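The values are calculated or read from the model by the stated rules, or taken from the named source; none is laboratory data. Please read all numbers here as calculations on a predicted model, not as lab measurements. We place every Cβ from the backbone using ideal geometry, glycine too, and count neighbours over all the protein chains shown. Remember, those area values only see protein heavy atoms, side chains included, never the ligands or the DNA or RNA. Shrake-Rupley method; radii C 1.70, N 1.55, O 1.52, S 1.80 Å.
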Amino acid sequence: MAACHEINEDPKLYQKSNKILLMGNPNVGKSVFFSNLTGIRVVSSNYAGTTVSYTEGTMKLGNETYTLIDVPGTYSLEATSKAEEVAVRFINSNPAAIICVLDATNLERNIKLGLDIQRYNIPVVYALNMVDVAKRRGYDINLRLLARELGAPVIPTIAVKNEGIDKLTEELQKILNSSKTTCGNCASCPGCAKLGMNTWDRAREIAARVRIKTEGKPSFLDRLGNSMLKPWPGIPIALLTIIVSLGVIIGAGKFLQEYILGPLVGDVLVPFFKMIISYIVSEGILHNVLIGEYGIFTIGLEWIIESILPFVFLFYVVFSFLEDSGILPRLSVLFDSIMRKMGVQGGSMITILLGYGCAVPAIIGSRTATTKKERLMISAIVCFAVPCISQTGALISLFAGFSPILLVLMFLLSFAVMMIVSSVLSRIIKGKVDPMIIEIPNLLMPNGKAYAKKLMLRMKNFFLDAEVPMLISIVIAALLKETGLLEKIAVYLEPIVSGWLGLPRSAVIALILGIIRREMAVAPLLEIEGLTALQAFVGGTVALLYLPCLSVFGILSKEFNTKTALAISLATTLNALLVGGLINQLAHLFM
Amino acid sequence: MKMKNPVQGVKSLYYAKDNQKYIIADTPDIGVLKSLGIVKNAIVFKKMTHKLGGPVLLMVESSQIAIGKDIAEKILVRG
Ligand SMILES: Nc1nc2c(ncn2[C@@H]2O[C@H](COP(=O)(O)OP(=O)(O)O)[C@@H](O)[C@H]2O)c(=O)[nH]1
Ligand SMILES: [Mg+2]
């Protein structure tokens, strides 16, 4: 089986022969067809993505080998978006044939695309997909009539159950082996006869004729999906979903931490590495850097595997589920009015929620925003007020020694900052924010394999993106500590750290490491003995609001520019020190 | 509702009655609307308008679409 890779632009591909294009609206099942036809599993998501990339794979038909291309989903070929531009370029690059996937539950706009494709005179086979859903909704479709109108074979399919795929490849082979175009007799072919007509009107007319209304039986998920869109019972369900999600992340995370990863690190890994390294390396700086108080194999394993990993993993377990099941777009609808008041729109909520995992994908994801102003607002909100999951994990560990109320207070504080920051920014940033327009996908149980694959991909990215900076910061921590440099820096920062924030001097290391990785602004606090609840809260506040980590700085400079990155970093740092200090000073005033 | 309507029987989708079918009379020139099939002469079923400046929820065939207030106000429909 050939390799499968994502390509953004590859002029060579246009010259490649034997291409078969897999086209259709977004979310009609193209990617499921792609993996069924090529044997390659690809990540598929339940809402229309925006990064315009495509996937190619090899497909055998008889003795011929073809390159199957999963073209980005499009609604038309009018090149009104990046995805459509790419689709048009593909269609103009001499493909052997097209498999056009139609969604049986949305005939009008799918037929519209079919009619657009028809004009290119390329051999086409139509897969009328999702016939199971259509049936449930009470639609029956006259396939013969549809095939005549589209001037090409139409095969009913259920991609997820692999139904109709054999018939589809059979028809595909037929049209590939027959002469060039399928439409030779222009006078009698309805496709050409009505070419002058507006395609939308024609699509609507065809849809009305081929569709036969029957008795539908909406499933439980259909009905639940609909009620989740109304304030009642939608909002209670949404709040419950959020609470359950947090409960799963925090509860199961703590369970993993205490009963599985904690013992694994404390009783097995650390003693193991200590033993081996003491055996090889003699006492001295290297020894301490490796297994000393801040050693790579002691603190490193503890911070990464025990404090952070369980929460990162569970966050993505929950987030990917919410994403693939179609719950997130429903939250966007319910919370649109609140998001509007914050100066963004409902659709941005998904991006901001993603920021609770990590700011980097959220800032990249903000590309979905239609205006510059909204992108900037989302990115700034995420940098100012949204703790990433690694950091939340560290905060949970930090507050575990005190009271869970601290965690609740911290979240409330983060919401308050979010509200203030967004209302200030929406006033000072010029430009406008477009109102929400979203299509709400069906509520469904995520496809197991696609879900597992996505989860794996996200964990892999976490390890690649996080592991290296985390190790670097641990090495820096160990070096600062072992060389005594930390003490010297601490003297300079003393007025801020101890005077204004009321933290112990050793907390300086948190401020320094926080620049490299966000959770590292919290993790060192875990090591300080005799920290009071107030100190933990102030430390947590500073960490929460502090300068985003180096990777975030990098992505901000890349997606916007260095000036924006610097401005956000400076503003967040000042804000962190201001709010943290105020909390400390006020608490002392009243206590 | 106080909206001056240029054409007889045409009203804003945002304020139109819930749970009713409408024919689109006019929409702002926005690509996404077109893509989703919200074009002149399309038949849509309006489900509801969310309170407090929330979006309009409608069905175009069997897909559900939510449209923010500021655009939904500018979509004109005929009863
Ligand atoms: N019920 C049902 N679901 C399907 C069918 N085909 C695809 N799906 C689901 O529809 C969603 C979108 O599929 P995907 O392949 O990602 O669509 P793409 O955007 O066209 O690539 C996924 O959750 C699939 O599992 C089908 O025939 N019936
Ligand atoms: Mg896809």
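Give the range of the longest stretch in chain A that excludes all trypsin sites (Lys or Arg not before Pro) found in loop regions by DSSP and having at most 10 other beta-carbon atoms within 10 Å.
Longest site-free region, per DSSP loop and neighbour criteria: A:181-429.
So what are the ³J(HN,Hα) numbers for the stretch A:15-32, from phi and the Karplus equation (6.51, -1.76, 1.60; θ = phi - 60°), rounded to whole Hz, Gly and Pro as x?
8, 4, 8, 6, 8, 10, 9, 9, 10, x, 4, x, 6, 9, x, 4, 5, 5
Please compute, for peptide A:428-436, the average count of beta-carbon atoms on other protein chains lying within 10 Å of each residue's beta-carbon.
3
At A:MET456 and A:GLU487, where each label point lies 7 Å from the Cα along Cα→Cβ, what is the point-to-point distance in nanometres?
Here the modelled spin labels are 5.1 nm apart.
Count, for each residue of B:39-48, the Cβ atoms from other chains sitting within 10 Å of its Cβ, then give me the mean as a whole number.
Mean inter-chain Cβ contacts per residue within 10 Å come to 3.
Using only the alpha-carbon atoms, how far is helix A:231-247 inclined from the longest principal axis of chain A? Give it as 0 to 90 degrees, nearest 10.
Approximately 50 degrees, to the nearest 10.
Please figure out what share of the DSSP beta bridges in the protein assembly as shown is antiparallel and state it in percent, rounded to the nearest 5.
Antiparallel bridges make up about 65 percent of those DSSP assigns within the protein assembly as shown.
Report, in deg cm²/dmol and to the nearest 500, the calculated mean residue ellipticity at 222 nm for the protein assembly as shown, where each DSSP H run with n ≥ 4 adds -39500 (n - 2.57) and the sum is divided by the residue count.
Helix contribution divided over all residues of the protein assembly as shown: -15500 deg cm²/dmol.
Rounded to whole Hz and in sequence order, give me ³J(HN,Hα) for the stretch A:555-571 from the Karplus expression 6.51 cos²θ - 1.76 cosθ + 1.60, θ = phi - 60°, writing x for Gly and Pro.
6, 5, 5, 6, 7, 10, 7, 4, 4, 4, 4, 5, 4, 5, 4, 5, 5
Ignoring ligands, DNA and RNA, please state the percent of accessible area on the protein assembly as shown from carbon and sulfur, probe 1.4 Å.
Carbon and sulfur together cover 63 percent of it.
For the stretch A:514-589 and the stretch A:73-88, what is the centre-to-centre distance using only Cα atoms, to the nearest Å?
That distance is 43 Å.
Please list, in chain and number order, the residues 5+ apart from A:TYR54 or on another chain whose amide H is under 5 Å from its amide H, with Hs placed from the backbone.
Sorted by chain and number, the residues that satisfy this are A:ILE7.
Taking square-rooted eigenvalues a ≥ b ≥ c of the alpha carbon gyration tensor, is chain B rounded, prolate or oblate, where a/c under 1.5 means rounded and, failing that, a/b exceeding b/c means prolate?
In terms of gyration-tensor shape, rounded.
Could you run the Karplus curve 6.51 cos²θ - 1.76 cosθ + 1.60 with θ = phi - 60° over the stretch A:255-272 and give me ³J(HN,Hα) per residue in whole Hz, x for Gly and Pro?
4, 4, 4, 6, 9, 10, 6, x, x, 4, 6, x, 9, 10, 5, 4, x, 4
Of A:THR572, A:PHE33, A:MET456, which is farthest on the positive side of the dipole of chain A, counting Cα position, with +1 on Lys and Arg Cβ, -1 on Asp and Glu Cβ, and the Cα centre as origin?
In chain A, that residue is A:PHE33.
Given H placed on each backbone N at 1.01 Å, which residues far from B:LYS47 in sequence or on other chains put an amide H within less than 5 Å of it?
Those qualifying (amide H under 5 Å, at least 5 residues apart or on another chain) are B:ASN19, B:LEU57, B:LEU58, B:MET59.
Which residues does the label zone of A:GLU293 cover in the stretch A:452-493, counting backbone N under 20 Å from a point 7 Å along Cα→Cβ?
The answer is A:473-493.
First check a/c for the stretch A:212-319, with a ≥ b ≥ c the square roots of the eigenvalues of its C-alpha gyration tensor; if it is under 1.5, answer rounded, and if not, answer prolate when a/b is larger than b/c or oblate otherwise.
Numbers: a/c = 4.87, a/b = 3.89, b/c = 1.25.
Here the stretch A:212-319 falls in the prolate category.
So how many Å³ per residue does the convex hull of the Cα atoms of chain A work out to?
Taking only Cα atoms, chain A has a hull volume of 180 Å³ per residue.
In Å², what does the accessible area per residue of the protein assembly as shown work out to with a 1.4 Å probe?
Heavy-atom SASA per residue in the protein assembly as shown reads 45 Å².
Helix A:404-428 sits at what angle to the longest principal axis of chain A, using alpha carbons and giving 0 to 90 degrees rounded to 10?
Result, in degrees: 60.
As a test of the definition: with a 1.4 Å probe, what buried accessible area, both sides summed, do you compute for B against A, in Å² to the nearest 100? All intermediate terms of the calculation are to be shown ahead of the outcome.
On the way: alone 5220 and 27240 Å², together 29900 Å².
What B and A bury together is about 2600 Å².
When the dipole is taken about the Cα centre of chain A, and only Lys, Arg (+1) and Asp, Glu (-1) are charged at their Cβ, what size is it in debye, to the nearest 20?
Numbers: 53 positive and 44 negative charges, 416 e Å.
Once rounded to the nearest 20, the dipole reads 2000 debye.
Going by alpha carbons, how many degrees (0 to 90, nearest 10) lie between the helix axis of A:199-210 and the longest principal axis of chain A?
It is inclined by approximately 70 degrees.
Given DSSP loops and a limit of at most 12 other Cβ atoms within 10 Å, what is the longest stretch of chain B that contains no such trypsin sites (Lys or Arg not before Pro)?
Counting only loop sites that pass the neighbour cut-off, the longest clear stretch is B:18-50.
Given A:LYS16/A:LYS174; B:LYS17/B:LYS74; B:LYS11/B:LYS51; A:LYS16/A:LYS112; A:LYS60/A:LYS82; A:LYS112/B:LYS51, which pairs have Cα atoms separated by over 24 Å? Can you show the working numbers first?
Values: A:LYS16/A:LYS174 22 Å; B:LYS17/B:LYS74 15 Å; B:LYS11/B:LYS51 19 Å; A:LYS16/A:LYS112 28 Å; A:LYS60/A:LYS82 30 Å; A:LYS112/B:LYS51 34 Å.
Flagged as over cut-off: A:LYS16/A:LYS112; A:LYS60/A:LYS82; A:LYS112/B:LYS51.
Rank these by accessible area, largest first, 1.4 Å probe: A:TRP500, A:TRP232, A:TRP200, A:TRP303.
These residues rank, largest area first, as A:TRP232, A:TRP500, A:TRP200, A:TRP303.
Hey, rough spin-label estimate for B:VAL10 and A:LEU582, points 7 angstrom out along Cα→Cβ, what's it come to in nanometres?
Going by the 7 Å Cα→Cβ label model, 5.1 nm.
For the pair A:LEU570/A:LEU224, report the inter-label distance in nm, with labels modelled 7 Å from Cα in the Cβ direction.
The answer from the label model is 5.1 nm.
Would you pull out the residues with amide H under 5 Å of A:VAL101's amide H, same chain only if 5 or more places away, H placed 1.01 Å from N?
Under 5 Å from the amide H of A:VAL101: A:MET23, A:GLY24, A:ALA127.
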